[in-house]
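Since the structure comes first, as structure tokens, the remarks are kept for the end.
The values are calculated or read from the model by the stated rules, or taken from the named source; none is laboratory data. For clarity, every value in this text was computed on a predicted model and none was experimentally measured. Cβ coordinates were reconstructed from backbone atoms using ideal geometry, including for glycine residues, and neighbour counts include every protein chain displayed.
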Amino acid sequence: MDDEFAKDLGDYSSLGELKAKLKGEIEKEKELALDRQLKDHVVDQLLEANPFEVPESLVEEQAKALVSDTKLKLAAQGWSSKSGRLRGEAPGGLQGDGSEAGQDFFDP
């Protein structure tokens, strides 16, 4: 790797500039990851100290969102909404309303 390599990758005048930019990006990502970890830990501790029952309507809405998201992803992979199944899948398609997945989302 040399300065020409760095110039080919973008608006970098030298390999040192590219390295500095990459180092800054990596440090920023590490900070963001640590911040997310800390927030997740705080939320986990709060939930552990203050358990509560999740309303059924919230579970149902989450289940609907998960099913909808899954259908969108499947459509991108060849899902046939008319037949309710993937290309080559046996009749019957996907079964269930997703409520187990919706509840699992809220259970630790």
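Observations on the model:
- The residues on offer are E53, E4, E31, E17, and the sole one that is over 30 Å from W79 (Cβ atoms) and at pLDDT 95 or above is E31.
- Filtered residues of the range 43-65 (kept if in a loop (DSSP other than H, G, I, E, B) and loosely packed, with under 10 Cβ neighbours inside 10 Å): N50, P51, F52, E53
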